[in-house]
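Read the structure below first, then the notes.
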Amino acid sequence: MGVFICSTRTSAYYVLGIPFGVYLAFWRHQGLTGLWIGLTVSLVYSATAGCAVCLCADWDEEVDKVQRRLGGSDECGGGGGGARRKDSDETRGD
């Protein structure tokens, strides 16, 4: 997933945004406004692709990958899946 996002961001700027901005700035005579439009188009493309990846990802599979890389532990930091605050009601005696 990380390689896809990195290549999407790279293609957004170097393949889409900058050439489109240069086209608008110099061939369509829009100047600096054309450059900004090109960069804006690349940002919209990059954000759309990033959102699509996040929405379509199998997050359970991604968690399994991370757990395998970390040694297969099911617990998060030894706390049984979540951290507890020391100043909870149980420790304050309320």
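The values are calculated or read from the model by the stated rules, or taken from the named source; none is laboratory data. In this text, all values refer to a predicted model and were calculated from it rather than measured experimentally. Methodologically, a virtual Cβ is constructed for each residue, glycine included, from the backbone with ideal geometry; neighbour enumeration extends over all protein chains shown.
Can you name the condition, by its number, that Ala49 falls short on among (1) aliphatic (A, V, I, L, M); (2) modelled with pLDDT of 95 or more; (3) surrounded by 16 or more Cβ atoms within 10 Å (Cβ to Cβ)?
For Ala49, the failing item is (2).
Would a scan of the stretch 31-43 turn up a residue that is within 30 Å of Lys65 (Cα to Cα) and surrounded by 13 or more Cβ atoms within 10 Å (Cβ to Cβ)?
Step one: of the stretch 31-43, the residues within 30 Å of Lys65 (Cα to Cα) are 43.
Now narrow it down to the ones that are surrounded by 13 or more Cβ atoms within 10 Å (Cβ to Cβ): 43.
Within the stretch 31-43, one or more residues are within 30 Å of Lys65 (Cα to Cα) and surrounded by 13 or more Cβ atoms within 10 Å (Cβ to Cβ).
Please specify each residue of the stretch 1-52 satisfying the condition of being basic (Lys, Arg) and part of a loop (DSSP other than H, G, I, E, B).
Initially, the stretch 1-52 is screened for residues basic (Lys, Arg), giving 9, 28.
Scanning the stretch 1-52 gives a single hit, Arg28.
Say whether the condition of being out of contact with any strand residue (DSSP E or B) (no Cβ under 8 Å at 6 or more places or on another chain), of a type in the set (Val, Ile, Thr), assigned to a helix (DSSP H, G or I) and modelled with pLDDT under 90 is met by at least one residue in the stretch 62-70. Before you say what the answer is, go through the steps one by one.
Restricting attention to the stretch 62-70, the residues satisfying the condition of being out of contact with any strand residue (DSSP E or B) (no Cβ under 8 Å at 6 or more places or on another chain) are 62-70.
From what's left, of a type in the set (Val, Ile, Thr): 63, 66.
Those left that are additionally assigned to a helix (DSSP H, G or I): 63, 66.
Narrowing further to those that are modelled with pLDDT under 90: none.
For the stretch 62-70, residues out of contact with any strand residue (DSSP E or B) (no Cβ under 8 Å at 6 or more places or on another chain), of a type in the set (Val, Ile, Thr), assigned to a helix (DSSP H, G or I) and modelled with pLDDT under 90: absent.
Being out of contact with any Phe, Trp or Tyr (no Cβ under 9 Å at 6 or more places or on another chain) and polar (S, T, N, Q) is the filter here, so list the residues in the stretch 31-52 that pass it.
Scanning the stretch 31-52 gives Thr33, Thr40, Thr48.
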